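These notes are about the structure you will find just below.
Please treat every number below as a calculation from the coordinates, not as lab data. This structure is a prediction, so every number in the text was calculated from the model and none was measured. Every residue, glycine as well, gets a Cβ built from its backbone with ideal geometry; the counts of neighbours run over all protein chains shown.
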Amino acid sequence: MTEFTGGINIPKDDIDFGDYVLIEQKRYGAPNEMFQFKVVGSYQSNSYRDVPMDAVDRDKKLHPHVVDVLHVICCGIDETTVDTVRKADVKLIKSRH
């Protein structure tokens, strides 16, 4: 196998490593803004950041149910910080498939 898929039998329209997504960012005194993130991992968890993401509240929150989450990095802003967000809260914009 020459291509990383993150798992076995992942559908081609599913979000996977290397894909780009949009995530809503909280802004105070102005409309919220969509930022581009790159997906660097995925798994299931009940600990993730709420969307819209708030720069003031950077901590992950514990939620009652385990869901699919993504590890993402913000393109062009801070590519050293990995955030965890719920997969259902992101919009796929560019797939590596």
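Could you please report the charge total around His63, scoring K, R as +1 and D, E as -1 over all other residues with beta-carbon less than 11 angstrom from its beta-carbon?
Net charge in that neighbourhood comes out at +3.
Put a dot 7 Å past each Cα toward the Cβ at Gln44 and Lys94; how far apart are the dots in nm?
Between Lys94 and Gln44, the label points sit 3.1 nm apart.
Can you sort Asp59, Asp50, Asp16 so the residue with the fewest Cβ neighbours within 10 Å comes first?
The fewest-first ordering by Cβ neighbours comes to Asp59, Asp50, Asp16.
Evaluate the distance, in nm, between pseudo-label points positioned 7 Å from the Cα of Val51 and of Val82 along their respective Cα→Cβ axes.
Computed distance between label sites Val51 and Val82 equals 1.9 nm.
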